[in-house]
Amino acid sequence: MSAFSLRRALSGLAVVALAGLAGCGGLRNASTSVASIVTPYKAEVVQGNFVSKEQVAYLQPGATRQQVRDVLGTPLLSSAFHADRWDYVFTIRRQGVEPQSRRLTVFFKGDVLDRFEGDEMPSEAEFVASLDSRRKNVKVPVLEATEEQLQKSARPAAQQAAETATTPTAAPASTSYPPLESSRR
């Protein structure tokens, strides 16, 4: 490309840019701004664990920490200073929709669930329906297992015990460690 044609292309680009800027000023006079026509993309921000009404219904005082973790997942907040408390916090911020925030706090006594408290949680179907604000009256798929499906997937206790009995156990880890420094001085 020659220097003349490059200079000509840049001049044309400058004219188009100036015309665009002049057009923006004309839109302002017509009480319509470019900002109201074109909205920038804002990323959806999701933080924490979504906890449904169905999951909260499974929580029973006396459940172990592992059982609570199996139902609710890993807590978003767990503190060394408050070892008997787990906080499940969920927030979602989406463009054009009011931010949502929910919280559930689980309290333990030792290794056993004592109590839990928090916001009213939506069902899984209600939460899925709230995610898509553009379409209304959309059929939401069933997100919970029926009793028949749970019984199909559950293994009999005898089978589970047999599997644990036949599983070889690992040798205990060594408790002696090599020295950190050489013995030479």
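If a residue counts only when it is at pLDDT below 70, assigned by TED's automatic domain parsing to the domain that holds A57 and farther than 30 Å from Q47 by Cα, which strands (runs of 3 or more DSSP E) contained entirely in the stretch 84-185 have at least 3 such residues?
On the way: elements: 85-94, 97-109, 112-118.
Per the criteria, no element qualifies.
I'm checking my understanding of the structure. Among residues of the stretch 63-93 that are buried (at least 17 other Cβ atoms within 10 Å of the Cβ) and of a type in the set (F, W, Y), which one is farthest from V51 (Cα to Cα)?
W86
Take the stretch 94-107 and flag every residue that is of a type outside the set (A, V, I, L, M), surrounded by 15 or more Cβ atoms within 10 Å (Cβ to Cβ) and over 23 Å from L131 (Cα atoms). Break it down into steps so the answer makes sense when it comes.
So in the stretch 94-107, the residues of a type outside the set (A, V, I, L, M) come out as 94-96, 98-103, 105, 107.
Remaining after also requiring surrounded by 15 or more Cβ atoms within 10 Å (Cβ to Cβ): 94, 100, 102-103, 105.
Selection gives T105 alone.
The values are calculated or read from the model by the stated rules, or taken from the named source; none is laboratory data. These numbers were taken from a predicted model, which means no experiment stands behind them. Glycine gets a Cβ as well: all are built from the backbone with ideal geometry, and neighbour counts include every protein chain shown.
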